[in-house]
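Q: What follows is a structure written as structure tokens; I'll ask about it next.
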Ligand SMILES: [Fe+2]
């Protein structure tokens with residue numbers, strides 16, 4: 001599936017909301033169903049931080065392409081109301097999952113390494129951060145429904161941390177290609 005085909009498919013899906021099961025169905029064939037070579041050609045990179053491009057966005061969902069260089073990472077975050085599916089197109093990412101402790105603190109609970117071809121899911125209640133711990137570039141494709149309008153952000157990257165704010169924080173670089 002090329003980006004154009006993915007775009008056309010998404011455009012045919014009934015707005016305004018994609019349900020979690022629709023999202024699963026769409027991503028069921030990933031990454032084989034994707035035209036990986038063409039999609040990775042769209043990824044951008046910067047030493048200032050990971051590059052995040054919106055490939056498709058409606059009121060009900062959005063598709064993002066993220067280019068990561070070694071050492072780049074997201075802040076620990078929740079997902080508001082959004083369900084997500086992420087596919088590693090190239091390279092590898094380490095996902096650190098946190099659990100919510102009484103009092104609203106979060107503590108590190110699990111660590112997963114996702115490599116090229118892996119697909120992982122995010123629930124609204126998932127709290128995690130994602131980091132590039134490899135040596136070469138990494139490219140990930142993300143589908144969120146609804147779009148990530150609201151994220152809970154947490155201070156700190158180790159141990160226990162408190163929510164910092166609610167609301168979407170713009171990444172260091174984010175552009176729409178549509
Ligand atoms: Fe996330």
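Q: Listed residues 161, 157; which is modelled with pLDDT under 95, over 15 Å from the mean Cα position of the chain (by Cα), closer than 23 Å to residue 100 by Cα and within 15 Å of the ligand (Cβ to nearest atom)?
A: Result: 157 is the single residue among 161, 157 that is modelled with pLDDT under 95, over 15 Å from the mean Cα position of the chain (by Cα), closer than 23 Å to residue 100 by Cα and within 15 Å of the ligand (Cβ to nearest atom).
Q: Then there's this: Go through 117, 80 for me and flag whichever is assigned to a loop (DSSP other than H, G, I, E, B) and within 11 Å of the ligand (Cβ to nearest atom).
A: 80
Residue by residue, here is whether (1) surrounded by 17 or more Cβ atoms within 10 Å (Cβ to Cβ); (2) modelled with pLDDT of 90 or more; (3) more than 15 Å from the ligand (Cβ to nearest atom) holds:
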{"site": "95", "(1), (2), (3)": "yes, yes, no"}
{"site": "98", "(1), (2), (3)": "yes, yes, no"}
{"site": "105", "(1), (2), (3)": "no, no, yes"}
{"site": "124", "(1), (2), (3)": "no, yes, no"}
{"site": "129", "(1), (2), (3)": "yes, yes, no"}
{"site": "134", "(1), (2), (3)": "yes, no, yes"}
{"site": "139", "(1), (2), (3)": "yes, yes, yes"}
{"site": "145", "(1), (2), (3)": "yes, yes, no"}
{"site": "149", "(1), (2), (3)": "no, no, no"}
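Q: Filter the stretch 33-73 for residues that are within 13 Å of residue 6 (Cα to Cα) and free of Cβ contacts under 8 Å to residues at least 60 places away in the same chain; which is surrounded by the most Cβ atoms within 10 Å (Cβ to Cβ)?
A: The qualifying residue surrounded by the most Cβ atoms within 10 Å (Cβ to Cβ) is 36.
Q: Please work out if residue 111 is without any contact (Cβ under 8 Å) to a residue 24 or more places away in the chain and in contact with a strand residue (DSSP E or B) (Cβ under 7 Å, 6 or more places away or on another chain).
A: Answer is yes for this residue.
The values are calculated or read from the model by the stated rules, or taken from the named source; none is laboratory data. The shown structure was predicted, so the numbers you read here are calculated from the model rather than taken from an experiment. Note that we place each Cβ from the backbone using ideal geometry, even for glycine, and neighbour counts take in every protein chain shown.
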